[in-house]
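Shown next, in structure tokens, is the structure this report addresses.
The values are calculated or read from the model by the stated rules, or taken from the named source; none is laboratory data. Worth saying up front: this structure is predicted, and the values here are computed from it rather than measured. As a convention, Cβ positions derive from the backbone with ideal geometry for all residues, glycine included, and neighbour counts pool all protein chains shown. Each accessible area value is taken on the protein alone, full model and side chains, heavy atoms only, with ligands, DNA and RNA left out. Shrake-Rupley method; radii C 1.70, N 1.55, O 1.52, S 1.80 Å.
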Amino acid sequence: MANETEDAPTNSASESHATSADVERNPTDEDKNEKLLNDAVQFLPTDAVKDLLSKEVCLRCIFRLFGMQVPICSSLSVKSLLCHVLGEQADLHQNISSVEPNICRSCLGILQFTYCGDKERVVENESACDFAVAIAELVKKEGHQIDSFSLEVSMPPTILENENKLSLYVKRKYRSEAWFKDRSISECSSTKDALKFALTNPLETLLDVKCGISTFHIRLTYSRVEASIRIQNFVEKIEGCKRRKVDAKNCLDTVKDKSAITGVENSVVSTTEVIPVDEKSSNGLQDNEPSETHEFPLKKVNEPCRLECLCFRTPIYFGGRYLKYSRNVSQTRWIIDEERMGEASIEEIIGGNILPMCRGDSYKFHAAGREDIDVRMLGSGRPFLFEIQNAREVPSELLVKEIESKINSLENKLVRVKNLKIVGSQGWTLMREGEAEKQKQYAALVWISRPLQDEDFQTISSLKETQILQKTPIRVLHRRSPLEREKIINWMKIEKIAGSSQYFLLHMCTQAGTYIKEFVHGDLGRTNPSIGSILGCRAEILQLDVTDVKMNCFLTE
Amino acid sequence: MNDHNVYQTNNSETEETPEQAQQEREKEMQDDEEELHKLLLPNVHDLPLTPPSAIDFNFVAYFAPDFLKPGHDQYVYRHANGLCVIGLAPTHVAFKDEGGITAVDFNVGKSDRSGFKVTGKRKKNAQHFESNTAVCKVCTNNDSYIVRCCVKGSLLEVNNRLIKQPGLLNSSVRITELLMS
């Protein structure tokens, strides 16, 4: 069981490498801490401490049990802590390793900063600072640019049970003592809080930012590494069969068959249901009423918890409006049978420029509605939102403007972006708000089977807030429900085209969700009324452009 | 006094008055609208005299002349997504009768085709039809003719308007039903 952190300084000589020495306070702080520590230690009942140590409870658990703030001793190793507590006693000095338990039965090694890391190697850290160094290394390796961080810890439920048992034990045994009455045992902090407390200051120093509510998360997940006896209990619990006597080997075979339990091959089980069994009375326990909550001493622990350390940023959002000038560009990536439809996609053009600047893992594209591939999006543009996962860097306002210019100056001029900026989570609600009520404005190139007459202009312009009934268009009926949808056409206007008597531009404003193409040609009579039916002739649509999406978000300020 | 003058000169050179800013914005908006309009207008010379109809553009038209009986000419328009529209071809013998088609009745075979409802994306309740299944009956003054399905598939929808307005068939030879194959 090698001490990993000792190897660390020699590995990356090229980078400036922080050690716990950098983290320790300057001499005056250290003196202050020493004094604080000495003062606090005065109040510790020595015999209670010795008793707990003999029950294989680690020193830091003892401290937190008696309400002592652990960060005072962040940089101190257990050895020096023990010296403070038990005084300079020659015989204890020699037996220090036998005094402090290998793995604490209460915190399972967590507060001893011992864990099972990558490739099943056990890592032991002397102090909280050493542990913090390892975590900070991970953050720097990923190349995250941060201005704050939030620390999250997740522990197996056993820890909480152990805390309760320990608490109860101390209460029962020492309730008559004077020192017990003086200080309330409820001052004790939980294992989780104690760990967070120990790590916060060193991490703040190493990463040079403050801990608090942040988009950047450092998540420590501890889980049990189980021996086969636990699997036995686990399997029996889920099968609801308490009487079955299976030995460990058979049990493993049964477990292999059960696809519900994954990863058991490596004997790592996330213990959501296993109740710790006291080894001394294991054989008869299945038949007993479970009263383990009051049992003490705690079970001996042979292996520390497995630790998974994850650091990531919560998604960041880019909002803006896009314009589409091409009739051969789809909104999202569209691939049928491995062949791409259309020349390019808006999602890829814009996302492909944003993602690398954030050094994110991936993006998700959301837009307020969509248009067909052969329909241009002009005018004020359509609001969109890009969600970037785990960005390593949050671009500055200037950089965001640069991204916008870059997209707009692309050679093929297929797409244009307006008002690109980073928005908070309110951008999402802004976009979805009233999506169904929003109106859209269009310009369609329409042909009719007879020449345009003067009355037609008036006929069309006079129709305000016209209600139409649209059956689901045939072209989408294969993937949408057959329904009849009522839609409102707010207004329409005919614009004559010089040089043609049967072609004209139809401007209109409609309710969101209206199928414009079907409204013009009537979809074999399934949309009523239609332009054809209103003008009393056959009507066809050649081109469609969206000229305005009337929404109040991501507009120029 | 001099200070006062200098202040005024600076103001007019480097800053805009609110009115000027407003004018600038309006001009910008007008420019944008003009640009937009230019994009919208097509080049008249490129426009075909008669454009392809929506049917020609989106469907592949198949004809079934003399389907199971002489003179029973029908068409099938097939969309790229697999949906088919079945109808009477203009050369169908029914149109030759005087007065054209007078009634359309969907109550043929075992059930009334216009009765049931197909719901949802999965198209529940859609009846399976073979190519010789009867879809409807069209009546003229002299005779009545059975219209058959022509293709194998599930019936999604019938053209209910024909029940009330059978004359539509005479004028524009409209669909009688929609099928999913």
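Report the A-B buried area as the accessible area lost on both sides summed, probe 1.4 Å, in Å² to the nearest 100. Chains A and B together bury approximately 2700 Å².
The contact residues of the stretch A:481-523, meaning those that lose at least 30 Å² of 1.4 Å-probe accessible area when all protein chains sit together rather than their chain alone, are A:S481, A:P482, A:E495, A:I497, A:Y503, A:L505. Entry note: the stretch A:347-399 has Rg to Rh equal to 1.03, where both radii use alpha-carbon atoms and Rh is the Kirkwood radius. A simple rule links phi to the HN-Hα coupling: the Karplus curve 6.51 cos²θ - 1.76 cosθ + 1.60 with θ = phi - 60°, which for the stretch B:110-126 gives 8, 8, 7, 5, 8, x, 7, 10, 9, 10, x, 5, 7, 6, 5, 6, 6 Hz, with x for Gly and Pro.
Calculated accessible area for the stretch A:440-548 comes out at 38 Å² per residue, all protein chains present (probe 1.4 Å; ligands, DNA, RNA ignored). Sorting the segments A:336-342, B:98-104, B:31-37 by their residues' average number of neighbouring beta-carbon atoms within 10 angstrom, most packed first, yields B:98-104, B:31-37, A:336-342. What share of all Cα pairs of the stretch B:6-134, in percent, falls into each consecutive 10 Å distance bin? Pairs per bin, as whole percents: 8, 19, 21, 11, 11, 9, 8, 6, 4, 1.
What pairs in A:K464/B:K123; A:K35/A:K140; A:K493/B:K38; A:K517/B:K137 have C-alpha atoms more than 27 Å from each other? As for pairs spanning more than 27 Å Cα to Cα, those are A:K464/B:K123; A:K35/A:K140; A:K517/B:K137.
Taking a spot 7 Å from the Cα of A:Q458 along the direction of its beta carbon, which residues of the stretch A:480-519 have an amide N less than 18 Å from it? Only A:492-496 fall inside the zone, counting backbone N under 18 Å. Scalar couplings 3J(HN,Hα) for the stretch B:37-49, obtained by applying the Karplus form with A = 6.51, B = -1.76, C = 1.60 to θ = phi - 60°, are 4, 4, 5, 6, 6, x, 7, 4, 5, 7, 7, x, 4 Hz; x denotes Gly and Pro.
The radius of gyration of the Cα set in the stretch A:440-548, together with its Dmax, comes out at 13.3, 43 angstrom.
Dividing the Cα radius of gyration of the stretch A:315-437 by its Kirkwood radius returns 0.95 for Rg/Rh.
Two decimals is fine: what is log10 I(q)/I(0) at q = 0.17 Å⁻¹ for the stretch A:102-185, from a Debye sum with one equal scatterer on every Cα and no solvent? For the stretch A:102-185, the Cα-only Debye profile gives -0.90. Remark: mean inter-chain Cβ contacts per residue of B:79-91 equal 2, using a 10 Å Cβ-Cβ cutoff to other protein chain atoms. Ranking B:L88, B:L68, B:A54 by how far each Cα lies toward the positive end of the dipole of the stretch B:43-97 (charges on Cβ) leaves B:L68 at the top.
Projected onto their three principal axes, the Cα atoms of the stretch A:383-447 cover extents of 52, 34, 18 Å, largest first. Put simply, when B:82-94, A:142-154, A:195-207 are sorted by average Cβ atoms within 10 angstrom per residue, most first, you get A:195-207, B:82-94, A:142-154.
Put a plus charge on the Cβ of each Lys and Arg, a minus charge on the Cβ of each Asp and Glu, and nothing anywhere else: the dipole of the stretch A:315-437 about its Cα centre is then about 420 debye.
Other protein chain C-beta atoms within 10 Å of residue C-beta, averaged over A:371-383: 1. Here r is the Cβ-Cβ distance between B:N160 and A:A498 and R0 is 51 Å; the resulting FRET efficiency, rounded to 0.05, is 0.75. Annotation note: chymotrypsin sites (Phe, Trp or Tyr not before Pro) in the stretch A:389-470 located in DSSP loop regions with a Cβ neighbour count of at most 12 within 10 Å are absent. Peptide A:471-477 shows a mean partner chain C-beta count of 5 within 10 Å per residue C-beta.
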